[in-house]
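Structure first, commentary second.
The values are calculated or read from the model by the stated rules, or taken from the named source; none is laboratory data. Computed from a predicted model, the values in this text were never measured in an experiment. A quick note on method: Cβ atoms are made from the backbone with ideal geometry, for glycine too, and the neighbour counts reach across all protein chains shown. Side chains are part of the model used for accessible areas, which takes the heavy atoms of the whole protein and leaves out ligands, DNA and RNA. Shrake-Rupley method; radii C 1.70, N 1.55, O 1.52, S 1.80 Å.
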Amino acid sequence: MMMFTWFNGKHDFLQYVTQIKSYQLEAERYLSSQSEVSGYCAVCRGVRKFTVNAGVYFGPLPNLREGLVCECGLGNRNRLIYSAIALETENYADVQMAILERTSVLYHRLQEIYPGIIGSEFIGKDIPGGTMHTACGISVRHESITGLSFSSCSLDVIVHNDVLEHVFDYKKALEELYRVLRKGGTLIFTCPFFFRLDREIQKARILADGSLELLMEPEYHGDPINPQGALTFYHYGWGLLDDLIRCGFCDVRVGVNYDVFSGLVSNNHPEYEYGNMLPIIIRAVK
């Protein structure tokens with residue numbers, strides 16, 4: 001089983017960052033120069049070929065967080081969250097789990113192991129949660145992270161994967177995620193995590209009349225439902241852990257699994273002091 005190192009505060013995390021920095025930069029410089037490397041895939045449970053460049057760049061540098069794509073179709077970030085889910089659920093006989101994506105390769109790989117997993121996508125505003133719609137050629141359940149249709153205390157695990165940065169009312173989203181989990185249930189998620197920030201930076205907001213106000217240069221990420229992409233509202237830092245605790249979560253930690261052979265490395269951002277993101281999972285227990 002892949003090994004995570006867990007942190008609940010900035011100081012110890014930054015010490016870890018300093019310890020691995022020279023190794024990290026050298027390893028990622030080498031990976032960036034390759035088109036393909038061999039490595040261990042926790043999903044395939046064997047050594048496979050990883051395609052280094054998934055077509056996402058920082059200038060001339062490949063974004064390794066989205067790259068290092070295994071033959072199974074999962075890249076660095078998705079194999080990381082897959083391994084975190086496997087670790088979390090290893091002692092469950094029949095886990096009740098939902099993930100806030102449905103059209104992805106990750107969902108299909110998880111469904112092979114967890115046939116009862118509930119997948120969903122955000123189809124659009126003012127759509128009733130739990131309803132089915134056609135998207136990407138398949139029937140897809142709609143869920144909004146700020147208004148989930150799941151009953152209170154109904155899930156053992158809920159997962160979202162680079163969703164929260166696109167949610168303006170993210171504190172409402174955290175409250176909803178807490179509500180639907182059973183006592184002892186776990187929230188597992190990824191988001192771009194700027195580990196030198198104490199509090200989030202807000203890049204855009206929705207005004208009282210429903211209009212959008214950009215506070216910084218707009219940043220969009222890929223969205224399987226919306227070809228225009230999803231707008232980023234926040235860059236999160238350590239204050240996100242405080243927000244989770246205020247919602248009621250009792251055990252909130254950041255986990256990092258830096259493992260070059262497993263293709264789990266940083267995003268390779270050229271602005272190391274700000275933009276660099278290690279392979280991070282955030283875990284919160286109700």
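From the list Asp209, Asp198, which one is assigned to a loop (DSSP other than H, G, I, E, B), without any contact (Cβ under 8 Å) to a residue 40 or more places away in the chain and surrounded by fewer than 19 Cβ atoms within 10 Å (Cβ to Cβ)? Please lay out each step first, then the result.
Details: Asp198 fails: without any contact (Cβ under 8 Å) to a residue 40 or more places away in the chain.
Answer to the selection: Asp209.
Go through (1) assigned to a strand (DSSP E or B); (2) over 28 Å from Gly59 (Cβ atoms) and name the single condition Leu241 misses.
Single failed check for Leu241: (1).
Looking at (1) modelled with pLDDT of 95 or more; (2) not in a strand (DSSP E or B), which is the one condition that is false for Arg253?
(2)
Pairs only if they're at least six apart or on different chains, beta carbon under 9 angstrom, first in region 153-168 and among the small types (Gly, Ala, Ser), second open to solvent by 10 Å² or more (accessible area, probe 1.4 Å); list them, first residue then second.
That search, which allows pairs on different chains as well, returns Ser154/Gln96; Ser154/Arg182.
Taking into account only those residues within region 117-172 that are under 30 Å from Leu278 (Cβ atoms) and among the aromatic types (Phe, Trp, Tyr), which is least open to solvent (accessible area, probe 1.4 Å)?
My answer is Tyr170.
Filter region 73-101 for residues that are exposed (fewer than 15 other Cβ atoms within 10 Å of the Cβ) and at pLDDT 95 or above and give the result. Give the derivation first.
Taking region 73-101 as the starting set, the residues that turn out to be exposed (fewer than 15 other Cβ atoms within 10 Å of the Cβ) are 73, 90-94.
Of everything in region 73-101, just one residue is exposed (fewer than 15 other Cβ atoms within 10 Å of the Cβ) and at pLDDT 95 or above, namely Gly73.
Spot the failing condition for Phe233; the list is (1) under 24 Å from Glu143 (Cα atoms); (2) under 15 Å from the mean Cα position of the chain (by Cα), and only one is missed.
In the conditions (1) under 24 Å from Glu143 (Cα atoms); (2) under 15 Å from the mean Cα position of the chain (by Cα), Phe233 misses (2) alone.
Could you tell me which numbered condition Ser22 fails, if it satisfies all but one of (1) touching a Cys at 6+ places or on another chain (Cβ under 7 Å); (2) assigned to a helix (DSSP H, G or I)?
(1)
Quickly run through region 39-64 and pick out the residues that are open to solvent by less than 60 Å² (accessible area, probe 1.4 Å), farther than 17 Å from Ser266 by Cα and part of a strand (DSSP E or B).
Correct list: Gly46 only.
Farther than 30 Å from Cys44 by Cβ and open to solvent by 30 Å² or more (accessible area, probe 1.4 Å): does that describe Arg253?
Values: farther than 30 Å from Cys44 by Cβ: no; open to solvent by 30 Å² or more (accessible area, probe 1.4 Å): yes.
For Arg253, the condition - farther than 30 Å from Cys44 by Cβ and open to solvent by 30 Å² or more (accessible area, probe 1.4 Å) - is not met.
Do you know which residues across region 256-286 are of a type in the set (Val, Ile, Thr), open to solvent by less than 10 Å² (accessible area, probe 1.4 Å) and farther than 24 Å from Glu176 by Cα?
Of everything in region 256-286, those that are of a type in the set (Val, Ile, Thr), open to solvent by less than 10 Å² (accessible area, probe 1.4 Å) and farther than 24 Å from Glu176 by Cα turn out to be Val256, Val265.
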